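Written below as C-alpha coordinates is the structure these notes are about.
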Amino acid sequence: MNKVSASAKNSDTRSKQQTILSMLGLLTSKVLGENTYAKSSIYSERITRGLRSFLPGPLQPSVSLAEFKMSKPMQMGYLAAAKDLKHVSIDQFNYMSLWATGDDDSSVVNRAAGTQFSDYLSQSQAPDKYILGYKTAVIQFVRAIAGAGGVVYRINSALQNLDLNQQQTLVSQWFDHVNGYMDGASPFEVVNNQTTKPSAVDQAIAVGVAKEISDGFLNNQPIGDVDQPLLGNYSYNEDDFSDEQDLPKMMTNTIGKVSLTEDINLFVNHTLAGMLNALGSIGLDALIDAKFNQANPDLVGAAATSATYQETVLEKTQTAIEAIGNYLNLPTSGADLAEKLAVLNLSNAASARNAKHQNYQLRYSRVLENDRPQVNDRGETVKVAYGIFETTHQILQNIFLTTLMVPYTMTRNRLLEQIAAGQYTTPRKVLEPSLQVEATLFDNIDALARFQVDQLIGLVERGKKDYDGMSTAGSFSAFSHLMRVYPEVKAINPSYAEMSKATKQVYYWLYQSSFKDTLPDNERAKID
(Lines give C-alpha, C1' and ligand atoms only; values in the text may rest on other atoms or scores of the structure.)
Protein backbone atom coordinates (compact mmCIF):
# COMPACT_ATOMS: atom_id res chain seq x y z
CA MET A 1 0.00 0.00 0.00
CA ASN A 2 1.25 3.51 -0.82
CA LYS A 3 1.79 5.87 2.09
CA VAL A 4 2.08 9.63 2.22
CA SER A 5 4.93 11.99 2.99
CA ALA A 6 5.38 13.58 6.38
CA SER A 7 7.15 16.57 4.87
CA ALA A 8 4.08 18.66 4.00
CA LYS A 9 5.05 21.11 6.72
CA ASN A 10 7.56 22.62 4.30
CA SER A 11 4.88 24.14 2.07
CA ASP A 12 5.01 27.93 1.79
CA THR A 13 1.63 28.37 0.14
CA ARG A 14 -0.81 26.11 1.95
CA SER A 15 -1.53 25.21 5.52
CA LYS A 16 -0.19 21.97 6.95
CA GLN A 17 -3.62 20.39 7.01
CA GLN A 18 -4.49 21.42 3.44
CA THR A 19 -1.16 20.12 2.15
CA ILE A 20 -1.49 16.73 3.82
CA LEU A 21 -5.13 16.29 2.79
CA SER A 22 -4.21 17.19 -0.76
CA MET A 23 -1.47 14.57 -0.74
CA LEU A 24 -3.95 12.05 0.64
CA GLY A 25 -6.07 12.65 -2.42
CA LEU A 26 -3.12 12.01 -4.64
CA LEU A 27 -2.34 8.89 -2.65
CA THR A 28 -5.13 7.05 -4.42
CA SER A 29 -3.58 7.74 -7.78
CA LYS A 30 -1.80 4.76 -9.24
CA VAL A 31 0.55 7.00 -11.14
CA LEU A 32 1.68 8.72 -7.97
CA GLY A 33 2.14 5.35 -6.35
CA GLU A 34 4.39 4.17 -9.15
CA ASN A 35 6.39 7.38 -9.17
CA THR A 36 6.78 7.33 -5.40
CA TYR A 37 8.01 3.74 -5.46
CA ALA A 38 10.45 4.50 -8.27
CA LYS A 39 11.88 7.36 -6.25
CA SER A 40 11.96 5.11 -3.17
CA SER A 41 13.94 2.40 -4.93
CA ILE A 42 16.57 4.85 -6.13
CA TYR A 43 16.82 6.56 -2.75
CA SER A 44 17.01 3.24 -0.90
CA GLU A 45 19.96 2.16 -3.03
CA ARG A 46 21.84 5.24 -1.88
CA ILE A 47 21.15 4.91 1.83
CA THR A 48 21.65 1.15 1.80
CA ARG A 49 25.24 1.67 0.75
CA GLY A 50 25.92 4.61 3.03
CA LEU A 51 24.15 3.97 6.33
CA ARG A 52 24.71 0.38 7.32
CA SER A 53 26.67 0.18 10.49
CA PHE A 54 25.23 2.80 12.81
CA LEU A 55 22.37 5.20 13.28
CA PRO A 56 22.93 8.10 10.89
CA GLY A 57 22.44 10.62 13.66
CA PRO A 58 21.06 11.06 17.17
CA LEU A 59 17.49 9.94 17.72
CA GLN A 60 14.99 12.76 17.69
CA PRO A 61 13.32 13.44 21.04
CA SER A 62 9.90 11.86 21.37
CA VAL A 63 6.98 13.74 22.87
CA SER A 64 6.54 13.67 26.64
CA LEU A 65 3.77 11.72 28.30
CA ALA A 66 2.16 15.00 29.36
CA GLU A 67 2.05 16.23 25.74
CA PHE A 68 0.76 12.86 24.63
CA LYS A 69 -2.16 12.91 27.07
CA MET A 70 -3.24 16.34 25.84
CA SER A 71 -3.64 15.36 22.18
CA LYS A 72 -6.15 12.79 20.96
CA PRO A 73 -4.83 12.87 17.35
CA MET A 74 -1.37 12.14 18.76
CA GLN A 75 -2.78 9.25 20.77
CA MET A 76 -4.48 7.87 17.67
CA GLY A 77 -1.23 8.07 15.72
CA TYR A 78 0.61 6.25 18.50
CA LEU A 79 -1.95 3.43 18.63
CA ALA A 80 -1.91 3.08 14.83
CA ALA A 81 1.88 2.74 15.02
CA ALA A 82 1.65 0.17 17.82
CA LYS A 83 -0.62 -1.90 15.60
CA ASP A 84 1.75 -1.57 12.62
CA LEU A 85 4.81 -2.39 14.69
CA LYS A 86 3.59 -5.91 15.41
CA HIS A 87 5.01 -6.92 12.04
CA VAL A 88 8.31 -5.04 11.63
CA SER A 89 10.75 -6.58 9.16
CA ILE A 90 14.54 -6.18 9.21
CA ASP A 91 14.37 -3.94 6.12
CA GLN A 92 11.57 -1.82 7.56
CA PHE A 93 13.54 -1.26 10.76
CA ASN A 94 16.36 0.26 8.72
CA TYR A 95 13.98 2.92 7.40
CA MET A 96 12.38 3.38 10.79
CA SER A 97 15.82 4.25 12.15
CA LEU A 98 16.30 6.83 9.39
CA TRP A 99 12.92 8.42 10.07
CA ALA A 100 13.57 8.38 13.82
CA THR A 101 16.82 10.30 13.30
CA GLY A 102 15.23 13.07 11.27
CA ASP A 103 15.03 11.88 7.65
CA ASP A 104 11.48 12.81 6.64
CA ASP A 105 11.91 12.10 2.93
CA SER A 106 8.73 10.51 1.59
CA SER A 107 10.64 7.49 0.30
CA VAL A 108 11.91 6.84 3.84
CA VAL A 109 8.50 7.31 5.46
CA ASN A 110 6.90 5.05 2.86
CA ARG A 111 9.25 2.21 3.82
CA ALA A 112 9.23 2.94 7.57
CA ALA A 113 5.48 3.23 8.22
CA GLY A 114 3.05 0.33 8.16
CA THR A 115 -0.32 -0.01 6.48
CA GLN A 116 -2.27 1.64 9.32
CA PHE A 117 -0.32 4.88 8.92
CA SER A 118 -2.15 6.26 5.89
CA ASP A 119 -5.46 4.54 6.70
CA TYR A 120 -5.94 6.45 9.93
CA LEU A 121 -4.15 9.59 8.76
CA SER A 122 -6.88 10.11 6.17
CA GLN A 123 -9.42 10.29 8.99
CA SER A 124 -7.47 12.64 11.22
CA GLN A 125 -8.49 16.26 11.68
CA ALA A 126 -4.99 17.12 12.93
CA PRO A 127 -2.63 15.24 10.61
CA ASP A 128 0.52 16.85 11.96
CA LYS A 129 -0.30 15.74 15.51
CA TYR A 130 -1.27 12.28 14.26
CA ILE A 131 2.08 11.92 12.47
CA LEU A 132 3.94 13.12 15.57
CA GLY A 133 2.18 10.49 17.68
CA TYR A 134 2.96 7.76 15.17
CA LYS A 135 6.58 8.83 14.94
CA THR A 136 6.86 8.88 18.76
CA ALA A 137 6.13 5.15 18.85
CA VAL A 138 8.66 4.59 16.06
CA ILE A 139 11.34 6.54 17.96
CA GLN A 140 10.68 4.57 21.15
CA PHE A 141 10.88 1.30 19.19
CA VAL A 142 14.15 2.27 17.50
CA ARG A 143 15.63 3.52 20.78
CA ALA A 144 14.99 0.14 22.42
CA ILE A 145 16.78 -1.71 19.63
CA ALA A 146 19.46 0.68 18.38
CA GLY A 147 19.77 3.41 20.99
CA ALA A 148 22.51 3.86 23.57
CA GLY A 149 22.47 0.73 25.73
CA GLY A 150 19.86 -0.87 23.49
CA VAL A 151 19.66 -4.45 22.25
CA VAL A 152 22.17 -4.08 19.41
CA TYR A 153 24.67 -2.27 21.62
CA ARG A 154 24.53 -5.05 24.22
CA ILE A 155 24.89 -7.79 21.60
CA ASN A 156 27.81 -6.11 19.87
CA SER A 157 29.56 -5.23 23.14
CA ALA A 158 29.29 -8.80 24.41
CA LEU A 159 30.86 -10.11 21.20
CA GLN A 160 33.59 -7.48 20.95
CA ASN A 161 34.69 -8.00 24.56
CA LEU A 162 35.63 -11.64 23.95
CA ASP A 163 39.34 -12.49 23.98
CA LEU A 164 40.79 -14.99 21.50
CA ASN A 165 40.26 -18.00 23.78
CA GLN A 166 36.64 -17.01 24.38
CA GLN A 167 36.13 -16.45 20.67
CA GLN A 168 37.55 -19.88 19.90
CA THR A 169 35.30 -21.47 22.52
CA LEU A 170 32.30 -19.68 21.02
CA VAL A 171 33.12 -20.69 17.45
CA SER A 172 33.88 -24.28 18.43
CA GLN A 173 30.61 -24.65 20.34
CA TRP A 174 28.68 -22.88 17.61
CA PHE A 175 30.09 -25.13 14.90
CA ASP A 176 29.40 -28.27 16.96
CA HIS A 177 25.82 -27.03 17.29
CA VAL A 178 25.20 -26.38 13.60
CA ASN A 179 27.15 -29.42 12.43
CA GLY A 180 24.92 -31.49 14.70
CA TYR A 181 22.13 -31.16 12.14
CA MET A 182 24.03 -30.20 8.98
CA ASP A 183 26.47 -33.13 9.45
CA GLY A 184 28.68 -32.16 6.53
CA ALA A 185 25.83 -31.38 4.11
CA SER A 186 26.24 -28.35 1.85
CA PRO A 187 24.59 -25.15 3.12
CA PHE A 188 24.40 -24.04 -0.52
CA GLU A 189 21.83 -26.68 -1.47
CA VAL A 190 18.07 -26.58 -0.92
CA VAL A 191 16.40 -29.22 1.21
CA ASN A 192 13.85 -30.75 -1.16
CA ASN A 193 12.33 -33.94 0.14
CA GLN A 194 8.65 -33.54 -0.74
CA THR A 195 8.71 -35.94 -3.67
CA THR A 196 10.18 -38.88 -1.78
CA LYS A 197 10.12 -40.24 1.70
CA PRO A 198 12.32 -37.82 3.65
CA SER A 199 15.74 -39.19 4.48
CA ALA A 200 16.87 -38.95 8.07
CA VAL A 201 19.57 -36.48 6.99
CA ASP A 202 17.17 -34.18 5.10
CA GLN A 203 14.67 -34.28 7.91
CA ALA A 204 17.32 -33.43 10.49
CA ILE A 205 18.52 -30.47 8.42
CA ALA A 206 15.00 -29.11 7.90
CA VAL A 207 14.15 -29.45 11.57
CA GLY A 208 17.50 -27.99 12.62
CA VAL A 209 17.22 -24.93 10.39
CA ALA A 210 13.61 -24.31 11.47
CA LYS A 211 14.57 -24.56 15.15
CA GLU A 212 17.49 -22.20 14.53
CA ILE A 213 14.99 -19.53 13.55
CA SER A 214 12.55 -20.20 16.39
CA ASP A 215 14.95 -21.03 19.24
CA GLY A 216 18.53 -21.05 17.99
CA PHE A 217 22.08 -21.11 19.30
CA LEU A 218 22.29 -17.57 20.70
CA ASN A 219 19.01 -18.06 22.56
CA ASN A 220 20.53 -20.83 24.63
CA GLN A 221 24.32 -20.38 24.70
CA PRO A 222 26.05 -18.14 27.28
CA ILE A 223 28.82 -16.02 25.77
CA GLY A 224 32.17 -15.35 27.43
CA ASP A 225 32.11 -15.03 31.21
CA VAL A 226 28.40 -14.27 31.56
CA ASP A 227 25.93 -16.92 32.64
CA GLN A 228 23.03 -15.75 30.50
CA PRO A 229 22.57 -16.44 26.77
CA LEU A 230 23.28 -13.52 24.46
CA LEU A 231 19.71 -13.63 23.17
CA GLY A 232 17.52 -14.90 25.95
CA ASN A 233 13.93 -14.00 26.66
CA TYR A 234 14.23 -10.23 26.17
CA SER A 235 11.69 -8.09 28.02
CA TYR A 236 11.32 -4.38 27.25
CA ASN A 237 10.55 -2.14 30.27
CA GLU A 238 11.05 1.44 29.06
CA ASP A 239 8.66 4.05 27.60
CA ASP A 240 5.34 2.72 26.35
CA PHE A 241 2.32 5.02 26.01
CA SER A 242 -0.02 2.30 24.74
CA ASP A 243 -2.19 2.33 27.86
CA GLU A 244 -1.95 6.07 28.49
CA GLN A 245 -4.58 7.11 25.95
CA ASP A 246 -8.13 8.21 26.76
CA LEU A 247 -9.72 7.91 23.33
CA PRO A 248 -13.40 7.04 22.95
CA LYS A 249 -13.98 3.34 22.46
CA MET A 250 -15.54 3.95 19.06
CA MET A 251 -12.18 5.32 17.87
CA THR A 252 -10.11 2.41 19.14
CA ASN A 253 -12.39 -0.51 18.28
CA THR A 254 -10.90 -1.07 14.85
CA ILE A 255 -7.35 -0.94 16.21
CA GLY A 256 -7.99 -3.29 19.08
CA LYS A 257 -5.69 -3.93 22.02
CA VAL A 258 -2.13 -2.92 21.19
CA SER A 259 1.13 -2.77 23.13
CA LEU A 260 4.42 -1.25 22.06
CA THR A 261 6.16 -3.40 24.69
CA GLU A 262 4.82 -6.58 23.10
CA ASP A 263 5.83 -5.29 19.65
CA ILE A 264 9.42 -4.73 20.74
CA ASN A 265 9.63 -8.07 22.57
CA LEU A 266 8.29 -9.85 19.49
CA PHE A 267 10.79 -8.15 17.20
CA VAL A 268 13.80 -8.94 19.43
CA ASN A 269 12.83 -12.47 20.47
CA HIS A 270 11.50 -13.61 17.11
CA THR A 271 12.54 -11.49 14.12
CA LEU A 272 15.98 -10.30 15.24
CA ALA A 273 16.94 -13.46 17.12
CA GLY A 274 15.80 -15.70 14.26
CA MET A 275 17.81 -13.74 11.72
CA LEU A 276 21.00 -13.65 13.83
CA ASN A 277 20.77 -17.34 14.70
CA ALA A 278 20.08 -18.44 11.13
CA LEU A 279 22.69 -16.29 9.41
CA GLY A 280 25.23 -16.84 12.20
CA SER A 281 24.89 -20.62 12.35
CA ILE A 282 24.50 -21.39 8.66
CA GLY A 283 26.96 -18.61 7.78
CA LEU A 284 29.65 -20.22 9.98
CA ASP A 285 28.95 -23.60 8.40
CA ALA A 286 29.19 -22.04 4.93
CA LEU A 287 32.48 -20.28 5.74
CA ILE A 288 34.08 -23.57 6.75
CA ASP A 289 32.44 -25.54 3.94
CA ALA A 290 33.46 -23.14 1.16
CA LYS A 291 36.71 -21.55 2.35
CA PHE A 292 38.40 -23.71 5.00
CA ASN A 293 38.71 -26.96 3.14
CA GLN A 294 41.22 -28.71 0.88
CA ALA A 295 39.28 -27.70 -2.21
CA ASN A 296 40.31 -24.07 -1.67
CA PRO A 297 44.01 -23.94 -2.59
CA ASP A 298 43.99 -20.14 -2.38
CA LEU A 299 43.67 -20.39 1.40
CA VAL A 300 47.43 -20.95 1.65
CA GLY A 301 47.96 -17.39 0.42
CA ALA A 302 45.39 -15.75 2.72
CA ALA A 303 47.60 -15.37 5.80
CA ALA A 304 48.47 -11.81 6.80
CA THR A 305 51.89 -12.66 8.27
CA SER A 306 54.68 -15.25 8.29
CA ALA A 307 55.15 -14.89 12.06
CA THR A 308 54.74 -17.87 14.39
CA TYR A 309 54.06 -16.11 17.72
CA GLN A 310 50.36 -16.17 18.50
CA GLU A 311 50.23 -12.56 19.71
CA THR A 312 51.81 -11.33 16.47
CA VAL A 313 49.65 -13.54 14.29
CA LEU A 314 46.51 -12.39 16.11
CA GLU A 315 47.44 -8.71 15.85
CA LYS A 316 48.33 -8.94 12.15
CA THR A 317 45.23 -10.98 11.36
CA GLN A 318 42.89 -8.59 13.17
CA THR A 319 44.47 -5.61 11.42
CA ALA A 320 44.07 -7.25 8.01
CA ILE A 321 40.73 -8.99 8.65
CA GLU A 322 38.80 -6.88 6.14
CA ALA A 323 41.43 -7.54 3.46
CA ILE A 324 41.36 -11.26 4.27
CA GLY A 325 37.57 -11.27 3.93
CA ASN A 326 37.83 -9.56 0.57
CA TYR A 327 40.55 -12.00 -0.49
CA LEU A 328 38.26 -14.92 0.32
CA ASN A 329 35.34 -13.13 -1.34
CA LEU A 330 33.14 -13.31 1.74
CA PRO A 331 29.64 -11.76 1.66
CA THR A 332 29.71 -8.04 2.35
CA SER A 333 26.21 -7.78 3.85
CA GLY A 334 23.55 -9.83 5.56
CA ALA A 335 21.48 -9.86 2.38
CA ASP A 336 24.43 -11.08 0.31
CA LEU A 337 25.06 -13.86 2.82
CA ALA A 338 21.41 -14.96 2.92
CA GLU A 339 21.28 -15.01 -0.86
CA LYS A 340 23.97 -17.71 -0.91
CA LEU A 341 22.50 -19.94 1.82
CA ALA A 342 20.06 -22.09 -0.12
CA VAL A 343 19.52 -24.44 2.83
CA LEU A 344 17.53 -21.62 4.49
CA ASN A 345 14.83 -22.22 1.90
CA LEU A 346 12.51 -24.65 3.66
CA SER A 347 9.59 -24.19 1.26
CA ASN A 348 10.14 -27.63 -0.28
CA ALA A 349 10.95 -29.45 2.94
CA ALA A 350 8.49 -32.10 3.97
CA SER A 351 8.20 -30.46 7.39
CA ALA A 352 7.15 -27.07 5.94
CA ARG A 353 3.78 -26.07 7.39
CA ASN A 354 3.43 -22.84 5.46
CA ALA A 355 5.73 -23.15 2.46
CA LYS A 356 5.42 -19.62 1.12
CA HIS A 357 6.49 -18.20 4.50
CA GLN A 358 9.35 -20.64 5.03
CA ASN A 359 11.69 -19.54 2.28
CA TYR A 360 14.00 -17.79 4.72
CA GLN A 361 16.71 -17.48 2.10
CA LEU A 362 14.38 -15.16 0.21
CA ARG A 363 12.99 -13.44 3.31
CA TYR A 364 16.46 -12.52 4.59
CA SER A 365 17.79 -11.35 1.22
CA ARG A 366 14.90 -9.64 -0.62
CA VAL A 367 12.19 -7.17 0.37
CA LEU A 368 8.88 -9.02 0.07
CA GLU A 369 5.35 -7.88 -0.56
CA ASN A 370 2.70 -10.59 -0.20
CA ASP A 371 5.55 -13.12 -0.09
CA ARG A 372 6.87 -12.00 -3.47
CA PRO A 373 10.05 -9.94 -4.03
CA GLN A 374 9.42 -6.28 -4.67
CA VAL A 375 10.72 -5.02 -8.00
CA ASN A 376 12.00 -1.48 -8.48
CA ASP A 377 11.57 0.77 -11.51
CA ARG A 378 14.63 -0.82 -13.14
CA GLY A 379 13.16 -4.30 -12.95
CA GLU A 380 15.48 -5.37 -10.11
CA THR A 381 14.38 -7.09 -6.95
CA VAL A 382 15.11 -4.96 -3.89
CA LYS A 383 17.66 -6.32 -1.41
CA VAL A 384 17.02 -6.13 2.32
CA ALA A 385 18.82 -3.16 3.86
CA TYR A 386 20.12 -4.44 7.21
CA GLY A 387 21.08 -1.00 8.49
CA ILE A 388 22.52 -1.10 11.99
CA PHE A 389 22.40 -4.91 12.00
CA GLU A 390 25.22 -4.90 9.46
CA THR A 391 27.51 -4.08 12.38
CA THR A 392 26.54 -7.29 14.13
CA HIS A 393 26.92 -9.27 10.91
CA GLN A 394 30.42 -7.87 10.43
CA ILE A 395 31.45 -8.50 14.04
CA LEU A 396 30.32 -12.13 13.82
CA GLN A 397 32.01 -12.66 10.48
CA ASN A 398 35.24 -11.15 11.80
CA ILE A 399 35.14 -13.37 14.89
CA PHE A 400 34.57 -16.46 12.75
CA LEU A 401 37.32 -15.52 10.31
CA THR A 402 39.83 -14.49 12.98
CA THR A 403 39.45 -17.64 15.06
CA LEU A 404 39.88 -19.83 11.97
CA MET A 405 42.71 -17.86 10.34
CA VAL A 406 44.91 -17.55 13.43
CA PRO A 407 45.46 -21.31 14.00
CA TYR A 408 45.64 -21.98 10.25
CA THR A 409 48.26 -19.24 9.84
CA MET A 410 50.34 -20.44 12.80
CA THR A 411 50.44 -24.04 11.54
CA ARG A 412 51.20 -22.91 8.00
CA ASN A 413 53.98 -20.61 9.15
CA ARG A 414 55.62 -23.20 11.42
CA LEU A 415 55.74 -25.59 8.48
CA LEU A 416 57.23 -22.87 6.28
CA GLU A 417 59.88 -22.31 8.97
CA GLN A 418 60.74 -26.00 8.82
CA ILE A 419 60.97 -25.80 5.03
CA ALA A 420 63.19 -22.71 5.18
CA ALA A 421 65.48 -24.50 7.65
CA GLY A 422 65.79 -27.52 5.34
CA GLN A 423 63.92 -29.78 7.81
CA TYR A 424 60.92 -30.41 5.57
CA THR A 425 61.98 -31.19 2.01
CA THR A 426 59.98 -34.29 1.03
CA PRO A 427 56.26 -35.08 1.29
CA ARG A 428 55.04 -36.48 4.61
CA LYS A 429 51.97 -38.07 3.01
CA VAL A 430 49.59 -36.11 5.24
CA LEU A 431 46.04 -37.47 5.09
CA GLU A 432 43.17 -35.28 3.96
CA PRO A 433 41.48 -33.58 6.92
CA SER A 434 38.05 -34.81 7.90
CA LEU A 435 35.57 -33.36 10.37
CA GLN A 436 34.43 -36.91 11.01
CA VAL A 437 37.96 -37.91 12.08
CA GLU A 438 39.38 -34.86 13.85
CA ALA A 439 38.38 -34.40 17.48
CA THR A 440 37.57 -30.69 17.22
CA LEU A 441 37.04 -27.97 14.65
CA PHE A 442 40.48 -26.52 15.38
CA ASP A 443 42.14 -29.92 15.08
CA ASN A 444 40.60 -29.99 11.63
CA ILE A 445 41.98 -26.51 10.81
CA ASP A 446 45.46 -27.64 11.91
CA ALA A 447 45.15 -30.80 9.77
CA LEU A 448 43.99 -28.71 6.83
CA ALA A 449 47.08 -26.46 6.96
CA ARG A 450 49.36 -29.50 7.22
CA PHE A 451 47.66 -31.20 4.29
CA GLN A 452 47.72 -28.15 2.02
CA VAL A 453 51.39 -27.43 2.67
CA ASP A 454 52.33 -31.07 2.16
CA GLN A 455 50.65 -31.01 -1.25
CA LEU A 456 53.10 -28.30 -2.30
CA ILE A 457 56.38 -29.90 -1.20
CA GLY A 458 56.91 -30.94 -4.81
CA LEU A 459 57.78 -27.28 -5.47
CA VAL A 460 60.58 -27.50 -2.91
CA GLU A 461 61.88 -30.65 -4.57
CA ARG A 462 61.68 -29.12 -8.04
CA GLY A 463 63.49 -25.98 -6.89
CA LYS A 464 66.37 -28.01 -5.45
CA LYS A 465 66.52 -30.12 -8.60
CA ASP A 466 66.67 -27.03 -10.83
CA TYR A 467 69.28 -25.38 -8.60
CA ASP A 468 71.49 -28.44 -8.65
CA GLY A 469 71.10 -28.55 -12.43
CA MET A 470 71.78 -24.78 -12.70
CA SER A 471 68.48 -24.24 -14.48
CA THR A 472 66.37 -22.37 -11.92
CA ALA A 473 63.56 -20.07 -12.96
CA GLY A 474 65.25 -16.71 -12.57
CA SER A 475 62.12 -14.63 -12.24
CA PHE A 476 58.52 -14.89 -11.14
CA SER A 477 57.33 -14.85 -14.76
CA ALA A 478 59.74 -17.69 -15.61
CA PHE A 479 58.44 -19.66 -12.63
CA SER A 480 54.84 -19.06 -13.73
CA HIS A 481 55.74 -20.37 -17.17
CA LEU A 482 57.23 -23.46 -15.49
CA MET A 483 53.98 -24.01 -13.55
CA ARG A 484 51.87 -23.78 -16.68
CA VAL A 485 53.99 -25.86 -19.04
CA TYR A 486 55.99 -28.60 -17.30
CA PRO A 487 53.88 -31.65 -16.34
CA GLU A 488 55.90 -32.40 -13.19
CA VAL A 489 55.04 -29.10 -11.52
CA LYS A 490 51.79 -28.47 -13.36
CA ALA A 491 50.42 -31.59 -11.66
CA ILE A 492 50.92 -29.93 -8.25
CA ASN A 493 48.12 -27.51 -9.12
CA PRO A 494 46.68 -27.63 -12.65
CA SER A 495 44.68 -24.50 -11.79
CA TYR A 496 47.77 -22.41 -11.01
CA ALA A 497 46.84 -19.70 -13.52
CA GLU A 498 43.58 -19.09 -11.64
CA MET A 499 45.21 -18.69 -8.24
CA SER A 500 45.60 -15.34 -6.50
CA LYS A 501 48.85 -13.42 -6.67
CA ALA A 502 49.40 -14.10 -2.95
CA THR A 503 49.11 -17.86 -3.44
CA LYS A 504 51.46 -17.75 -6.43
CA GLN A 505 54.01 -15.91 -4.28
CA VAL A 506 53.83 -18.71 -1.70
CA TYR A 507 54.44 -21.21 -4.49
CA TYR A 508 57.43 -19.20 -5.75
CA TRP A 509 58.78 -18.92 -2.18
CA LEU A 510 58.57 -22.71 -1.81
CA TYR A 511 60.36 -23.19 -5.11
CA GLN A 512 63.21 -20.91 -3.97
CA SER A 513 63.35 -22.20 -0.38
CA SER A 514 66.36 -24.52 -0.84
CA PHE A 515 68.54 -21.92 -2.54
CA LYS A 516 67.12 -18.60 -1.32
CA ASP A 517 70.31 -17.77 0.61
CA THR A 518 72.25 -17.65 -2.67
CA LEU A 519 69.95 -14.98 -4.10
CA PRO A 520 70.18 -11.22 -3.68
CA ASP A 521 67.36 -9.80 -1.58
CA ASN A 522 65.59 -8.21 -4.55
CA GLU A 523 65.24 -11.60 -6.24
CA ARG A 524 63.77 -13.46 -3.28
CA ALA A 525 60.04 -14.20 -3.13
CA LYS A 526 58.29 -12.37 -0.27
CA ILE A 527 55.29 -13.79 1.57
CA ASP A 528 54.96 -11.30 4.43
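The values are calculated or read from the model by the stated rules, or taken from the named source; none is laboratory data. Keep in mind that what you see is a predicted model, and the values were worked out from it rather than measured. We place every Cβ from the backbone using ideal geometry, glycine too, and count neighbours over all the protein chains shown. For accessibility, only protein heavy atoms count, side chains too; no ligands or nucleic acids. Shrake-Rupley method; radii C 1.70, N 1.55, O 1.52, S 1.80 Å.
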Go through Val108, Ala158, Phe267 and say which Cα lies farthest out towards the positive end of the charge dipole of the chain; charges sit on Cβ, +1 for Lys and Arg, -1 for Asp and Glu.
Val108
For the range 178-259, whose charge dipole is built from +1 on Lys and Arg Cβ atoms and -1 on Asp and Glu Cβ atoms, the candidate among Asn233, Gln203, Met250 with its Cα farthest towards the positive end is Gln203
Spelling it out for Leu368: with amide H atoms placed in the peptide plane at 1.01 Å from N, the residues 5 or more places away or on another chain with amide H under 5 Å from its amide H are Gln374
HN-Hα J couplings of the range 307-317 from phi, Karplus 6.51/-1.76/1.60, θ = phi - 60°, integer Hz, Gly and Pro as x?
5, 10, 7, 4, 4, 5, 4, 4, 4, 5, 5
In the chain, carbon and sulfur make up what percent of the accessible area (probe 1.4 Å)?
49 percent
Ser89 long-range amide H proximity, modeled H, under 5 Å
none
Quick check: the angle from helix 16-27's long axis to the longest principal axis of the chain, C-alpha only, nearest 10 degrees?
70 degrees
Per-residue HN-Hα couplings for the range 378-394, Karplus 6.51 cos²θ - 1.76 cosθ + 1.60 at θ = phi - 60°, whole Hz, x for Gly and Pro?
9, x, 9, 6, 8, 6, 5, 8, 7, x, 4, 6, 5, 4, 5, 4, 5
Simple Cβ-charge dipole of the range 422-518, Lys/Arg +1 and Asp/Glu -1, about Cα centre, in debye nearest 20:
320 debye
Farthest towards the positive end of the dipole of the range 422-518, among Tyr496, Thr426, Gln455 and with Cβ unit charges of +1 on Lys and Arg and -1 on Asp and Glu, lies the Cα of Tyr496
Wrap a convex hull around the Cα atoms of the range 116-252, take a quarter of its surface area, and give that in square nanometres.
14.2 nm²
Please list 3J(HN,Hα) in residue order for the range 248-253, calculated via the Karplus relation 6.51 cos²θ - 1.76 cosθ + 1.60 where θ = phi - 60°; whole Hz, with x for glycine and proline.
x, 4, 5, 7, 9, 4
How far is helix 476-485 tilted, in degrees, relative to the longest principal axis of the Cα atoms in the chain, given as a value from 0 to 90 rounded to the nearest 10?
80 degrees
Please list 99-111, 156-168 highest first by mean number of surrounding beta-carbon atoms within 10 Å per residue.
99-111, 156-168
Among 65-71, 517-523, how do they line up by average Cβ neighbours within 10 Å per residue, starting with the highest?
65-71, 517-523
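Using a simple charge model, +1 on the beta-carbon of Lys and Arg, -1 on the beta-carbon of Asp and Glu, nothing else, what dipole does the chain show about its Cα centre, in debye to the nearest 20?
Magnitude of the dipole: close to 1200 debye.
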How far is helix 127-146 tilted off the main Cα axis of the chain, in degrees rounded to 10, range 0 to 90?
30 degrees
How do 311-321, 464-474 rank on mean C-beta neighbours within 10 Å, highest first?
311-321, 464-474
In Å, what Rg and Dmax follow from the Cα atoms of the chain?
28.4, 98
Measuring with a 1.4 Å probe in the full set of protein chains, what accessible area per residue, in whole Å², belongs to the chain?
46 Å²
